[in-house]
Amino acid sequence: MSTVAEEMSVTTSMKLRAVMIAAYMKIRQNRYKDVPGKWHPDGLVPSVLSDRKERTWLTVPLWWLADKLREEVAELCTEIDPPGSKSVNRPEVLMEAGDVTAMAMMMADRVGAIDPSYVPKIVCLCGSTRFKDAFRRANEEETLAGNIVLSVGMFPHSGDRQLTYQEKARVDWLYMRKIDLCDEVLVLYIDQ
């Protein structure tokens, strides 16, 4: 259980970042792909949305997105102020805030308010942590190419530090979440 001091140390920017990550995950999972068919100027045309990465919100009417946003805001308000309870489920509030943010981003994308050139590709570096210099070089190259780079957080196989079993499990889990966030994985293969 966290103390008040620990809670106060979490800055607003960190909280906003957590909400944005939750929103990004919702969009990456294409949470709204369950629209009952594709939209057509003449009405709803039944079909199966086969491509997971398809930006389906670009094909639905704005009123549908607006209704969905209102629903998400209502769900967030219920989680923030649950009826008959004084406790708040913080992870659930975070996910609901992510839903609201994701819907707002989808609406902005739908009306063309987001310039695609403002959204750089996210690349996650992958490979043996024995090769610290290769990670550094790849990070520099991908950054200069205009990409956001996610990488390993430490290099235990290069002799920097030995991890306990629990630390390794936590680091591995965190690295899998980085892969979830990325658009592309760059595997660093060093032939020795």
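The values are calculated or read from the model by the stated rules, or taken from the named source; none is laboratory data. Please read all numbers here as calculations on a predicted model, not as lab measurements. Cβ coordinates were reconstructed from backbone atoms using ideal geometry, including for glycine residues, and neighbour counts include every protein chain displayed.
Here is the figure for region 158-177: residues that are closer than 15 Å to residue 135 by Cα and surrounded by 13 or more Cβ atoms within 10 Å (Cβ to Cβ) total 2. Evaluate region 158-177: report whether one residue or more is assigned to a helix (DSSP H, G or I) and in contact (Cβ under 8 Å) with a residue 40 or more places away in the chain. The answer is no, given that none of the residues of region 158-177 is assigned to a helix (DSSP H, G or I) and in contact (Cβ under 8 Å) with a residue 40 or more places away in the chain.
If only residues of region 117-146 that are surrounded by fewer than 16 Cβ atoms within 10 Å (Cβ to Cβ) and touching a strand residue (DSSP E or B) at 6+ places or on another chain (Cβ under 7 Å) are counted, the one that is modelled with the lowest pLDDT is 120. When 109, 180 are screened for being of a type outside the set (S, T, N, Q), surrounded by 15 or more Cβ atoms within 10 Å (Cβ to Cβ) and within 28 Å of residue 72 (Cα to Cα), only 109 passes.
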